[in-house]
Amino acid sequence: MRRDSRAPLSLSLLLLVGALGLGATPATAAEVHSAAAPSAIPSASAYALDATVERTLGADTAGTYLDRTTGELVVTVTTDRAEEQARATGATVRRVARSAAQLDAAIETLEAEAKITGTSWGVDPRTNQVAVEADSSVSARDMARLEAVAKRLGGAVSISRVPGVFHREVLGGGAIYGGGSRCSAAFNVTKGGARYFVTAGHCTNISANWSASSGGSVIGVREGTSFPTNDYGIVRYTDGSSPAGTVDLYNGSTQDITSAANAVVGQAIRKSGSTTKVTSGTVTAVNVTVNYGDGPVYGMVRTTACSAGGDSGGAHFAGTVALGIHSGSSGCSGTAGSAIHQPVVEALQAYGVSVY
C-alpha cells in the first residue's frame with residue numbers, strides 16, 4: 001500500500017479514514033467488544049471462495065456463512081446438483097430446507113405486505129430463514145400485522161425486537177462537516193491518480209462541500225451520492241492532500257487496508273466511526289432491507305457492532321479487508337448493537353475506484 005506524508009499533519013490525523021471525529025468521544029480509546037463477537041475472520045482464500053460460489057451457484061445456494069468453530073466457509077444448498085457444484089469449489093456443504101427462491105419469495109411478501117418503518121429484514125443462512133428485526137417504534141398493531149405475515153410464511157421468517165429506533169446516524173458538529181451535519185469517512189480510494197473518500201449517501205445528500213472541522217476550509221467536493229435504495233457517496237479531495245489509505249483505530253495506531261470484499265455471515269468485523277470509535281461485532285445477515293423513516297435501503301449487511309449518531313459513513317472492516325460503509329442502527333444495548341453497513345464493493349464498482 002502506498003503511503004504519502006505530504007498531507008498537512010492536521011489532515012493526516014483527521015483523515016485516516018473511517019473515524020473522522022471531533023465530537024463526543026468515549027472516556028478512553030480502548031476498543032469496545034461485542035459479547036457475541038467471534039474470533040473468526042475469513043482468510044483471503046475464504047473471501048475468494050465465497051465469490052466463486054456466488055458466481056458458480058447463483059440462486060442454487062441459499063447463502064453462505066463462516067463456521068465459528070472451524071472457520072470454514074459453509075455453503076447451503078437444497079438439491080443434489082447444487083451440492084455437487086458446491087463441493088467442486090472446495091467448500092463445505094450443508095443441505096437445508098428452504099431454497100434461495102423461497103427466501104426471496106418471503107422477502108418479497110414482507111416488502112409487499114409488511115413494509116413498516118422501524119423494521120429490517122435479511123437472510124441468515126445459518127438458520128435458513130429471513131431474520132426480521134422490529135425496533136421500539138413499531139406499534140403493537142403493526143407488530144401483530146408483521147407476525148401474521150410471518151405465520152403465513154410457515155417458518156421461513158423469524159422475528160425479534162430490538163431496542164431503540166432504526167435511524168440514519170448523522171449529528172451536527174464534528175468529524176467531516178457538510179450542511180451543518182457531522183458524519184465519518186469510510187475508506188480513502190483512488191482512480192487515475194486522484195484521491196477520494198467514500199462515505200454514506202445520506203451524508204453526501206446533505207452537502208456538496210465537506211470540511212475537516214466545523215466552519216473550516218473545504219477539503220473535498222461531492223462527486224456522487226445515492227440514497228435511499230443504496231447508501232453510498234464519494235467525495236474528491238480538492239485541497240491537494242494525499243492521505244494514507246488506513247483506518248484509525250483510536251489507540252494511536254491505524255489499520256492498513258489493502259483489499260475489499262463482501263462480508264460473510266458469521267465473521268467478525270470491526271467498525272470505526274467518529275462517535276463510538278472502534279467497536280467489534282459479528283455479521284448476522286446479508287441482503288438486508290432497512291425501512292428508515294425517509295426511505296428504504298436494500299442489499300445491506302446487519303452486524304452486532306455498537307454505533308451512534310455521527311458514525312454514519314464510517315468503516316466496517318476485518319483485518320486489511322474493507323467490507324462496508326456504516327449506514328445506521330437502532331442504537332446499542334450494553335455491548336450488543338445493530339450496526340448496518342452498505343457493502344463497499346458495490347460502491348467501489350459504482351464509482352470505478354479502488355482502495356489503496
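In whole angstrom, how far apart do the alpha carbon centroids of the range 85-155 and the range 260-321 sit?
Rounded to whole Å, the Cα centres lie 19 Å apart.
Length gain on complete extension for the stretch D104 to Q349, per 0.36 nm per residue less the alpha carbon to alpha carbon distance? Please report the intermediate quantities before stating the final value.
Numbers: separation 245, 0.36 × 245 = 88.20 nm, distance 2.43 nm.
Gain on extension, D104 to Q349, equals 85.8 nm.
Can you quote the Å³ per residue value for the convex hull of the Cα atoms in the range 59-111, rounded to an integer?
Details: hull volume 4.3 nm³, N = 53.
Convex hull of Cα atoms, per residue: 80 Å³.
Only four residue types carry charge here, +1 at the Cβ of Lys and Arg and -1 at the Cβ of Asp and Glu. Report the dipole size of the chain about the Cα centre in Debye, rounded to the nearest 20. Before the final figure, lay out the partial values.
On the way: 27 positive and 28 negative charges, 69 e Å.
It comes to approximately 320 debye.
Give me the distance in nm between label points sitting 7 Å out from Cα along the Cα-to-Cβ direction at E147 and A208, one decimal.
Between E147 and A208, the simple spin-label model gives 5.1 nm.
At q = 0.17, 0.18, 0.23, 0.24 Å⁻¹, what base-10 log of I(q)/I(0) does the Debye formula yield for the range 106-188 when every alpha carbon is treated as an equal point scatterer in vacuo?
Here the Debye-derived log intensity ratios amount to -0.73, -0.77, -1.00, -1.07.
For the range 228-276, what are the per-bin percents of Cα-Cα distances with bins 5 Å wide, up to the bin holding the maximum?
The percentages, shortest bin first, are 4, 11, 15, 24, 26, 14, 4, 2, 0.
By how many nm would the segment from S45 to T258 grow when fully extended, if each residue of separation counts as 0.36 nm and the alpha-carbon distance is taken off?
Numbers: separation 213, 0.36 × 213 = 76.68 nm, distance 1.47 nm.
Additional length available on full extension: 75.2 nm.
Starting with the highest mean, order 59-70, 117-128 by the number of other Cβ atoms within 10 Å, averaged over the residues of each peptide. If you can, show how the numbers build up before the last one.
On the way: 59-70: 18.7, 117-128: 22.7.
The most tightly packed comes first, giving 117-128, 59-70.
Calculate, for D67 and S137, the FRET efficiency according to 1/(1 + (r/R0)^6) with r their C-beta to C-beta distance and R0 51 Å; round to the nearest 0.05.
Plugging the Cβ-Cβ distance into 1/(1 + (r/R0)^6) gives 0.90.
Once the convex hull of the C-alpha atoms of the range 44-139 is built, how many Å³ does it hold per residue, rounded to a whole number? Intermediate values should be presented prior to the final figure.
Numbers: hull volume 11.1 nm³, N = 96.
Taking the convex hull of the Cα positions in the range 44-139, it is 116 Å³ per residue.
Taking only Cα atoms, what is the 0 to 90° angle, nearest 10, from helix 100-113's long axis to the longest principal axis of the chain?
On a 0 to 90 degree scale, this one is about 70.
Which of A175, G71, A48 sits farthest toward the positive end of the charge dipole of the range 42-186, with +1 on the Cβ of Lys and Arg and -1 on the Cβ of Asp and Glu?
A175
Can you give the calculated 222 nm mean residue ellipticity of the chain, where each DSSP H run of n ≥ 4 adds -39,500 (n - 2.57) and the sum is split over every residue, rounded to the nearest 500 deg cm²/dmol? Write out the running numbers ahead of the final one.
Numbers: 7 runs with 68 residues, N = 356.
Value at 222 nm, helices only: -5500 deg cm²/dmol.
Could you look at the range 162-262 and say what percent of its accessible area is carbon and sulfur, using a 1.4 Å probe and all protein chains? Please report the intermediate quantities before stating the final value.
Working: 1560 of 3430 Å².
Taking all protein chains in place, the range 162-262 shows 45 percent carbon and sulfur surface.
With every protein chain left in place, what is the accessible area per residue of the range 180-236 in square angstrom, probe 1.4 Å?
Values: 1790 Å² over 57 residues.
Accessible surface, normalised per residue, equals 31 Å².
Lys and Arg at +1, Asp and Glu at -1: add these up for the other residues within a Cβ distance under 10 Å of A40 and post the number. Mind dumping the intermediate values first?
Numbers: positive: R68; negative: D67, E72.
Computed value for this residue: -1.
How do the peptides 204-214, 341-351 rank, highest first, by the average count of neighbouring beta carbon atoms within 10 Å per residue?
Working: 204-214: 19.5, 341-351: 21.7.
Going by the mean number of other Cβ atoms within 10 Å, highest first, we get 341-351, 204-214.
Could you give the length gained on full extension between S158 and T92, defined as 0.36 nm per residue of separation minus the Cα-Cα distance, in nm?
21.2 nm
Taking Cα atoms, how many degrees apart are the long axis of helix 140-152 and the longest axis of the chain, rounded to 10 and kept between 0 and 90?
50
How much of the accessible area of the range 272-356, in percent, comes from carbon and sulfur atoms when a 1.4 Å probe is used? Let's see the in-between values first.
Working: 950 of 1650 Å².
The value for the range 272-356 is 58 percent carbon and sulfur by accessible area.
The values are calculated or read from the model by the stated rules, or taken from the named source; none is laboratory data. None of the values given here were measured: they were computed from a predicted structure. Note that we place each Cβ from the backbone using ideal geometry, even for glycine, and neighbour counts take in every protein chain shown. Just the protein is used for accessible areas: all its heavy atoms, side chains included, with ligands, DNA and RNA removed. Shrake-Rupley method; radii C 1.70, N 1.55, O 1.52, S 1.80 Å.
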